[in-house]
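In what follows, a structure is listed as structure tokens, so that the remarks can point back to it.
The values are calculated or read from the model by the stated rules, or taken from the named source; none is laboratory data. On a predicted model such as this, the values are computed, not experimentally measured, just so you know. As a convention, Cβ positions derive from the backbone with ideal geometry for all residues, glycine included, and neighbour counts pool all protein chains shown.
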Amino acid sequence: MRPLFPDALTREFEELSRVPEKLMEFHDKISRLKFLDPACGNGNFLHACLRELKALENDLARELSLMEVRSPRKASPSRFYGIELDEEAVKIRRDGLLAREGFFSGSFRRGGGA
């Protein structure tokens, strides 16, 4: 996935470390990013993008917490778009992205516990 995801964002994040105001601006920037897969098929590209974006956001939140700055999670599946002719594939992918968002936000738990 790394070749598909903009390494420039990771470099930008690393350059901004230790400057809370700049990190907050960067967080706003990545939360506004939109992703389009014009032939999404099974949606692996969209899933991988969401995973990488969430990982970057987690690194950002960790850096801010070291400076005692709280920053809410902002990345959302609502910024991911795909084009697919197979309606069933679209439903499966949309549900998968929403489930992944639940996984990353902690609203779903392993082992069937609620």
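Annotations
- Remark: pairs (first residue in the stretch 24-36, in contact (Cβ under 8 Å) with a residue 12 or more places away in the chain; second residue basic (Lys, Arg) and not in a helix (DSSP H, G or I); Cβ separation under 7 Å; 6+ apart in sequence or on different chains) = 27/74; 31/74.
- Output for the stretch 73-100, where each listed residue is at pLDDT 80 or above, of a type in the set (Asp, Glu) and under 16 Å from the mean Cα position of the chain (by Cα): none
- Residue that is surrounded by the most Cβ atoms within 10 Å (Cβ to Cβ), among those in the stretch 47-92 that are touching a Pro at 6+ places or on another chain (Cβ under 6 Å) and closer than 21 Å to residue 15 by Cα: 69
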